[in-house]
Structures are given as C-alpha cells and as structure tokens.
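Encoded as structure tokens, the structure appears first; notes follow it.
The values are calculated or read from the model by the stated rules, or taken from the named source; none is laboratory data. Since this is a predicted model, take the numbers as computed values, not measurements. Cβ coordinates were reconstructed from backbone atoms using ideal geometry, including for glycine residues, and neighbour counts include every protein chain displayed. Just the protein is used for accessible areas: all its heavy atoms, side chains included, with ligands, DNA and RNA removed. Shrake-Rupley method; radii C 1.70, N 1.55, O 1.52, S 1.80 Å.
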Amino acid sequence: MDTPVIEARGLVKTFGPTRALDGFDLTVRAGQVAGFLGPNGSGKSTAIRVLLGLLRADEGTARVLGREAWTDSVEIHRRTAYVPGDTNLWPGLTGGEIIDLLTDIRGGRRRRRRRDELIERFELDPTKKARSYSKGNRQKVALVAALSAQAELYVLDEPTSGLDPLMEAVFTDEVRRIADQGGTVLLSSHILAEVEKLCGTVTIIRAGRDVESGTLAQLRHLTRSAVTATTSADPSRLDDVEGVHHLVHADGRVSFDVDDVRVPEVLRALADLGVQNLTVAPPSLEELFLRHYGDRPAERSAGPAAGHPR
C-alpha cells in the first residue's frame, strides 16, 4: 500500500492547562481532497501547525510527505503550499510582491502565467500595499500564492474566510482543478457545505480528538435535516413514517428531524396532509455536533473542555 501523504498518530499538544490535541489521528492519501472538519476551537489549526512543523507535539507521531513533521519541516514546506487561517502580510509590500516572495521562500518555481490568471480570477489588485487590503483581499493574496505553486500537497486552513460568495465559487473551481490533476489537498473548515462540495473523505475533530473519519457516504448518518411545517390535516399521521418523532407547537406548527434519505418520503406524507407552509433546513455544523456528540469528547478529555485553540 502507498505511504500516506499525511499520517498522524496519537498527537497530543497542550498549552498550559489546555489540552488542544488529545490523541488525534489523521490519514490523507495521495490524490485525495480530504476535509478536516470541526467547530471553531476544536483543534484544527493546532493540528495543522503540528503537521507543518510550526509546533512540536508533546506526544505522538506526525509524518508528512514521508518526512517527520518536526525535524524535516524545511523539506516539507518546500513541497507544500499552505494557506493559514489568519493571514498576516508585510504591510509595506504590494500584493504582487508578497505573492512572489512567498513563492521564493518556498523555493518553488514561479508559474507567472498561472499567477496572473489567479490574480485576475480573484479580482485582486496586486499593485496596492498590503496595509490597504481588507481581510478578504489579504486572503486572496495567500490563496494566489498557494494555488499558483507547483506543490505536492496543499494545506488550506479556513481558506475562504473573508471571501464573498463569488470568490468562494472561484476557490471551489480552483480546488477542483487541483483534484482533477491528481493533487492532494487537506482542507480545514468549519463550514459543512464547503467540505461536502469538494472533499471525498472527511475527518471530524472535536475537543482535540478525531471523532469520525471516512468518506462522505460513510458519514452520511450524521446528517439530519430539521423540518417545520403547517398542515391542514392532523399531523399525527406522520407517526407512520419510520424514524419521525414530531413535536406539535402551540401555534399548530409541527417540527421534527429526519435523516436526509427519508426527506422525499416525508415530503410525500406532508403533501397528503395538506401542507401549507414548509421549511427544510440542513443542520449547521454546531447543531450536528450537539446532536451526535454532546459534551462526550470534552468529558473524556484529560484537560479542560473549554478554551481549546483552533
């Protein structure tokens, strides 16, 4: 079997009394676009910094591109394109100068045509000083520098933070291009929909632990939509739909959660009841974690549950 591009086992990282990583495991294989999903404060960015040798784990092992993350970090960075979660730029340099500098620091070969194409696609003015950029434009600089690189691994930590929906769509297209070319991507996000659009596999982290890992199809059991409706007939007939346990509110609305695979069946049942108003909403990531994990990972943690760094 091929050696994984990323392989982390039993990572532990503490900051004083706070246990940011608590026995964390992660595997990413070549050619995968792997989602790294978790609510803010779950330990995502800490794990990425350990993988890139920016932090040293207290316990466990981390290998990236066949190298040990801490001792071989210079070699790993030469072969990796990285977009951090919090982009800080040199204020006195222009966006274009920073893009070229970041490429040179990596030791990579500049791809001028690709760089210029990405600047145009992300609608970035590369002649402006970084001090004048908004958060979204600072993020664009980091994305252009990373995506124009010829890297073996792309590590993208909350890459769409600060981008408007149009630019998010451009980002999605560019990651799909990398995937089509057989590239390997680790995409960290707290946005479930972003991961669903791009990733073939997902690892979910909470309180510093990997609580779920697998393909999206394997993790589909996590997704339950919230349904709220008003019907002209008695909604108690919904009891005939397997897995639906509804709640009738004082104003006559009925609400319940349902597995996504049963949504069509539920819609047919509501139509038979004379549905008058209907809302079907997928769960937010925070709701997903509360529904499926509650406080269990934090309770098992050897450190405090609150205050984990990203």
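Of all residues in the range 45-104, those satisfying the criterion of being within 23 Å of the chain's Cα centre (by Cα) and of a type in the set (D, E, K, R) are ARG49, ARG56, ARG63, ARG79, ASP86.
Given the criteria within 27 Å of GLU196 (Cα to Cα), of a type in the set (Lys, Arg) and either modelled with pLDDT of 70 or more or surrounded by fewer than 16 Cβ atoms within 10 Å (Cβ to Cβ) (or both), does ARG262 qualify? Yes; evaluated as a whole, the condition is true for this residue.
Would you mind stating whether ASP100 is part of a helix (DSSP H, G or I), open to solvent by less than 30 Å² (accessible area, probe 1.4 Å), charged (D, E, K, R) and out of contact with any His (no Cβ under 9 Å at 6 or more places or on another chain)? The answer is yes for ASP100.
Residues in the range 30-55 that are part of a loop (DSSP other than H, G, I, E, B) and free of Cβ contacts under 8 Å to residues at least 40 places away in the same chain were compared, and the one that is least open to solvent (accessible area, probe 1.4 Å) is GLY53. Scan the range 78-91 and tell me whether some residue there is of a type in the set (A, V, I, L, M, F, W, C), open to solvent by 60 Å² or more (accessible area, probe 1.4 Å) and under 24 Å from SER148 (Cα atoms). Scanning the range 78-91, I find at least one residue that is of a type in the set (A, V, I, L, M, F, W, C), open to solvent by 60 Å² or more (accessible area, probe 1.4 Å) and under 24 Å from SER148 (Cα atoms), so the answer is yes.
Filtered by the rule that a residue be aromatic (Phe, Trp, Tyr) and closer than 20 Å to LEU156 by Cβ, the range 67-83 gives a lone residue, TYR82. Anything in the range 101-128 that is touching a helix residue (DSSP H, G or I) at 6+ places or on another chain (Cβ under 8 Å), among the charged types (D, E, K, R) and at pLDDT 95 or above? List them, or say none. The answer is ARG121, GLU123, ASP125, LYS128. Taken together, the residues in the range 2-14 that are at pLDDT below 95 and in a strand (DSSP E or B) amount to 0.
Each row is one residue, and each column tells you yes or no for (1) of a type in the set (Val, Ile, Thr); (2) closer than 27 Å to GLN218 by Cα.
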site	(1), (2)
VAL5	yes, yes
LEU11	no, yes
ASP22	no, yes
VAL28	yes, yes
VAL33	yes, yes
ILE48	yes, yes
GLU59	no, no
ALA62	no, yes
ARG67	no, no
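Comparison of GLY16, GLY66 shows that the only residue that is within 22 Å of VAL202 (Cα to Cα) and either in contact with a Ser or Thr (Cβ under 9 Å, 6 or more places away or on another chain) or open to solvent by 50 Å² or more (accessible area, probe 1.4 Å) (or both) is GLY66.
Of ALA149, ALA142, ALA207, ALA169, all but one fail to be in contact (Cβ under 8 Å) with a residue 24 or more places away in the chain and either among the polar types (S, T, N, Q) or farther than 29 Å from LEU21 by Cα (or both); the exception is ALA149.
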